[in-house]
Amino acid sequence: METAGLWMLLAVALVMVTTGLPAWIVLIGVAMISCMIGLVAGAFDVALLSALPSRVLGLLENDLLQAMPLYVFMGALLNRLPLAEILMRVGSGVLARTGAGAPLAGLGLGVLLAPMNGSVGAGVAMLARTVLPRLDAGGMEAERGAALVTVTSTLGVVIPPSLVLILLSDAMLRAHTEAVNVTHSAVRIVNTQDVFRGALIPAAMLLVLCAAVTWRAGKRTGVLREAAPASRGDALTAAATVLFIIGLFAAVTLGYLYAVEAAATGGVALILFAIARRALNASILKEVLRDAMAVTGALFALLIGATVFTLIVRAFGTDRWVSALLAPVGAGSVYAPLLVVMLILALCAFVLDAFEITFVVVPVLMPPLLMRVTDATWVAVLTLLILQASFLLPPFGYAVLMLRNRLVRSIDGKRFMHALLPYLVAQAIVLALVLSFPGLLWHDSATLGGSTTPGAHPLSDEEANELMRRQTEPEPGPRQ
């Protein structure tokens, strides 16, 4: 019965693909049916289910998850404000001399606003409405414009502080804590700040490569027709917005602001902007709040469904089976089990999106992996790169599907794939570099050990408890 969890995951994928039901309904349904089978077969006792209420309440009391509705609110508000259009118009004018002003401005718009959008779906909606018409008017091929929007909408996955980064870092913290409790290794438990900082260098490399691909595509198209120059008011608005967003991102990444504080600050700033521009009325605010509540409700429902699902998976002992399965893989090497887990994540990405992978797959696969690979920041960044690539993998990539639903006219599939290929190559290069050179990442100097650090050693129970106590106490200086 230990492999029952794998069959549960396969059942979830099949039901989601064939029925189109919401993921949280499928997760809870499959978990409940599997639970009844397990009770009848005697695989576990009914008393195990008494742990479910405390697990759900424990998740909902997590301070980090308070940022989730605020991120979703910002994404819903951005979709109804003229801020994106202003940034696109000003950016196109500033970058016009490059010969690819509009495409590069679209990429820059995604860099600035995608982390604030809260989800790839919201990013696709905003960029398809803002960037695509300007690229079409400038003379860029529809397939190249669609590829640019598809890639840009996923940049929020790896650029901190994004919603995917926050949720994955929380899942990694839990997984790493489980692994350290088993191994008693002298390593510092990974936290949100570690993942934010670790993602910075790979995100910068990916951004540089994407900018080069975008510039080359724009140059091949020829000098795009630029619209009329922006007004002085728009230029000042754009400059202030860029400085504000960069400052906000830097404050969160360096630990001077919590993610929830940054999200709240961004939401208030957007509301003030909307009031100043007279772009917010009662009907628009009602639509924004309705969309934010709907998306937030769906994400929390998914989180609760994943909690129920993973509890039943653990009841069958699938997590212990996975740990035993990985134990002999590449004995003495960190790469063999790491590549196995990354391959499983890539396969899951064909049928699950990043949130479902974070909530369902990561809690099962990561603890056994982190018992072998103690550099949790490195593993988290590799996971982020895999998740971002999953959004772009045709034909079922989430960003690809969302964009096709947003297009008002059809595009040639082969030409779209040809336009998307250079971006996929850029992702593969960054992924290979991070995989080959773990030291490339920005690691906290307080880390006591890692996959490449020979100083990691087993601790006694007393030392492990003392280490955990020190890590849970608040530290002076910049906040986590």
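In table form, for the structure just shown:
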{"quantity": "Test: residue in the stretch 68-85 that is among the charged types (D, E, K, R), farther than 29 Å from Val213 by Cα and modelled with pLDDT under 85", "calculated": "yes"}
{"quantity": "Lone qualifier among Leu325, Leu365, Leu369, Leu352 - being under 18 Å from the mean Cα position of the chain (by Cα), part of a helix (DSSP H, G or I) and not basic (Lys, Arg)", "calculated": "Leu365"}
{"quantity": "Qualifying residue in the stretch 400-416 (condition: among the polar types (S, T, N, Q) and crowded, with 23+ Cβ neighbours inside 10 Å)", "calculated": "no"}
{"quantity": "For Leu280: the one exception among (1) surrounded by fewer than 20 Cβ atoms within 10 Å (Cβ to Cβ); (2) in a helix (DSSP H, G or I)", "calculated": "(2)"}
{"quantity": "Hits in the stretch 81-97 - residues which are within 21 Å of Lys219 (Cβ to Cβ) and in contact with a Ser or Thr (Cβ under 8 Å, 6 or more places away or on another chain)", "calculated": "Met88"}
{"quantity": "Residue list for the stretch 167-181, filter: within 8 Å of the chain's Cα centre (by Cα) and crowded, with 24+ Cβ neighbours inside 10 Å", "calculated": "Leu168"}
{"quantity": "Filtered residues of the stretch 388-443 (kept if closer than 13 Å to Thr150 by Cα, in contact with a helix residue (DSSP H, G or I) (Cβ under 6 Å, 6 or more places away or on another chain) and among the small types (Gly, Ala, Ser))", "calculated": "Ala389, Gly397, Ala399, Ala419"}
{"quantity": "Qualifying residue in the stretch 309-316 (condition: closer than 30 Å to Leu6 by Cβ and among the charged types (D, E, K, R))", "calculated": "yes"}
{"quantity": "Subset of the stretch 213-272 that is aromatic (Phe, Trp, Tyr) and either part of a loop (DSSP other than H, G, I, E, B) or under 30 Å from Ala292 (Cβ atoms) (or both) - its residue that is modelled with the highest pLDDT", "calculated": "Phe244"}
{"quantity": "Residue that is surrounded by the most Cβ atoms within 10 Å (Cβ to Cβ) [pool: residues in the stretch 328-349 that are in a loop (DSSP other than H, G, I, E, B) and in contact (Cβ under 8 Å) with a residue 12 or more places away in the chain]", "calculated": "Ala349"}
{"quantity": "Breaking point among (1) touching a Lys or Arg at 6+ places or on another chain (Cβ under 8 Å); (2) closer than 16 Å to Val164 by Cβ; (3) not hydrophobic (A, V, I, L, M, F, W, C), for Gln388", "calculated": "(1)"}
{"quantity": "Residue match in the stretch 115-135 (condition: within 26 Å of Ala67 (Cα to Cα), at pLDDT below 80, of a type in the set (Gly, Ala, Ser) and outside any helix (DSSP H, G or I))", "calculated": "yes"}
{"quantity": "Hits in the stretch 145-184 - residues which are closer than 26 Å to Tyr398 by Cα and of a type in the set (S, T, N, Q)", "calculated": "Thr150, Thr152, Ser153, Thr154, Ser162, Ser169"}
{"quantity": "The stretch 136-150, subset among the small types (Gly, Ala, Ser) and part of a helix (DSSP H, G or I), residue modelled with the lowest pLDDT", "calculated": "Gly138"}
{"quantity": "Residues that are farther than 19 Å from Leu83 by Cβ, of a type in the set (Val, Ile, Thr) and either free of Cβ contacts under 8 Å to residues at least 24 places away in the same chain or touching a Cys at 6+ places or on another chain (Cβ under 8 Å) (or both), drawn from the stretch 259-316", "calculated": "Ile312"}
{"quantity": "Unique residue being aliphatic (A, V, I, L, M) and modelled with pLDDT under 85 when the list is Leu39, Leu64", "calculated": "Leu64"}
{"quantity": "Residue satisfying condition, being among the hydroxyl-bearing types (Ser, Thr, Tyr), in contact (Cβ under 8 Å) with a residue 12 or more places away in the chain, under 30 Å from Leu311 (Cβ atoms) and out of contact with any strand residue (DSSP E or B) (no Cβ under 9 Å at 6 or more places or on another chain), within set Ser54, Ser162, Ser92, Ser153", "calculated": "Ser162"}
{"quantity": "Filter result for Val361 (out of contact with any strand residue (DSSP E or B) (no Cβ under 7 Å at 6 or more places or on another chain), more than 20 Å from Ser153 (Cβ to Cβ), surrounded by fewer than 24 Cβ atoms within 10 Å (Cβ to Cβ) and β-branched (Val, Ile, Thr))", "calculated": "yes"}
{"quantity": "Answer from Ile411, Ile357 - the residue that is at pLDDT below 90 and in a loop (DSSP other than H, G, I, E, B)", "calculated": "Ile411"}
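The values are calculated or read from the model by the stated rules, or taken from the named source; none is laboratory data. Being a predicted model, the structure only gives us computed values, none of them experimental. Heads up, the Cβs are rebuilt from the backbone with ideal geometry, glycines too, and the neighbour counts pull from every protein chain shown.
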